[in-house]
Each structure stands twice: as C-alpha cells, then as structure tokens.
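Report on one structure; see the data block that follows.
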Amino acid sequence: MQSTTKLEAVNAMLSAAAEAPVSTLAGNNGVQVQIALAILDEVSRRLQGDGWTFNKFETTFVRDVNNKIPINADIISLDPLENKYTDKDYTIRDGYLWDVENNTDIFQNDVTLVATIFLDWEDLPFHARDGIMAKAIRIYTDRTVGTASLGQFTRQDEVEAMARFKRTEMQLGDYHILDSENYRRIILRRI
C-alpha cells in the first residue's frame, strides 16, 4: 500500500473544507494551506509524542569530552528501560541529558534509555500517516468551517482511522498484559 504524501494529506484537508487543492507545498500557497500544514504538524507531534513502535527505541547515550550527554533535537522524550525498574529520572535541558535526582548534567557513565523520536512525515509508516491525516482533517474542518454535520462525518472518519492505527500498533508491538513489569512485580510480590 502506497503511503500518503504530505501534499496529499494537505489536499485531503482542503477538500474536506471545500477548498481547492494545491499542486505543491513550496512557496506561498495562501493562508488555508499554511493553516492546514500547521495543523498537520501539530497533530503529528501530539501523536508521535505518545511513543509507538515506529518511533520508540532503546539506545545508549554516550558522554562527550565534558562528561555531558548531548541529546538530538528530534528526541521528544526519554524513559527508563521497560524491563528494568529504576527510580532514576531524566529529562532534557539545553540539549543535554539532565539527571533530575542529582540535579546535574554531568555523568560518570553512559546511560541507556528508551527514546521517543519525532519523525518527518516521509519517515512515518502508513498507519501513522493515516491516523494523523484523519485527525488533522477533523481539526482543520472544525477550525475553519465549523459545520456540525461535516464535523460528524470527519469525527467518524477519525475514529475509524485511529482504531486502525491502534490495531496495527498492537499487532506490530506484540503487546501482552503479562509482559508488563508492573504485572511481574505483583505476581512475584515485589510491589
């Protein structure tokens, strides 16, 4: 199945609001195209921020010569490893990893964490593009047209697209309640 281009997504948003399609996103295409692009990017950031199979991975962050750990700008969030219970809490400050517990950005060792990264539209899988586009269409029509009957149709399309998105994520992630660290701690009485 061929993935939707960003141009196709913007044109779908414009079409839902009875606006004329555009042939390119480059240059000055008018206010409606800029609004559509802004909403598409906003929805993409929100959805990707939750961390999914396509943008969440385990990685070791390496210290630089100053014992600081630089963090790429495309990293949205950092979490401890899923199979390792820890009280360590990290965040990103000024482009570096920050140890919240010790209130420092200086590290004695490299740190392995689960990173959630922001992907450009072209790097997103089909199911993510589909979900983002459906939600963006609904938001765009709500903000620009505001018709109740149109909102009903776009909401239904969004619900269906998000159901497909989550079903695909469940299949790809092979999630199971028994794989949860919280479940293991309860069963093994390590609450």
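The values are calculated or read from the model by the stated rules, or taken from the named source; none is laboratory data. Since the structure is predicted, the reported quantities are computational estimates derived from the model, not experimental observations. Please note: Cβ atoms are built from the backbone with ideal geometry, for glycine as well, and neighbour counts cover all protein chains shown.
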Candidate set from region 114-146 (those that are in contact with a Gly (Cβ under 7 Å, 6 or more places away or on another chain) and hydroxyl-bearing (Ser, Thr, Tyr)); member that is surrounded by the fewest Cβ atoms within 10 Å (Cβ to Cβ): 116
Can you name the residue in region 112-152 that is in a helix (DSSP H, G or I) and of a type in the set (Val, Ile, Thr) and is also modelled with the highest pLDDT among such residues? 132
Would you mind stating whether residue 118 is among the hydrophobic types (A, V, I, L, M, F, W, C), under 27 Å from residue 14 (Cα atoms), in contact (Cβ under 8 Å) with a residue 12 or more places away in the chain and touching a Lys or Arg at 6+ places or on another chain (Cβ under 7 Å)? yes
Residue satisfying all of: in region 60-113; among the β-branched types (Val, Ile, Thr) and crowded, with 16+ Cβ neighbours inside 10 Å; nearest to residue 46 (Cα to Cα) among these: 76
Of the criteria (1) free of Cβ contacts under 8 Å to residues at least 24 places away in the same chain; (2) in contact with a helix residue (DSSP H, G or I) (Cβ under 6 Å, 6 or more places away or on another chain), which one residue 103 fails: (2)
In region 26-48, is there at least one residue being touching a strand residue (DSSP E or B) at 6+ places or on another chain (Cβ under 6 Å) and surrounded by fewer than 17 Cβ atoms within 10 Å (Cβ to Cβ)? no
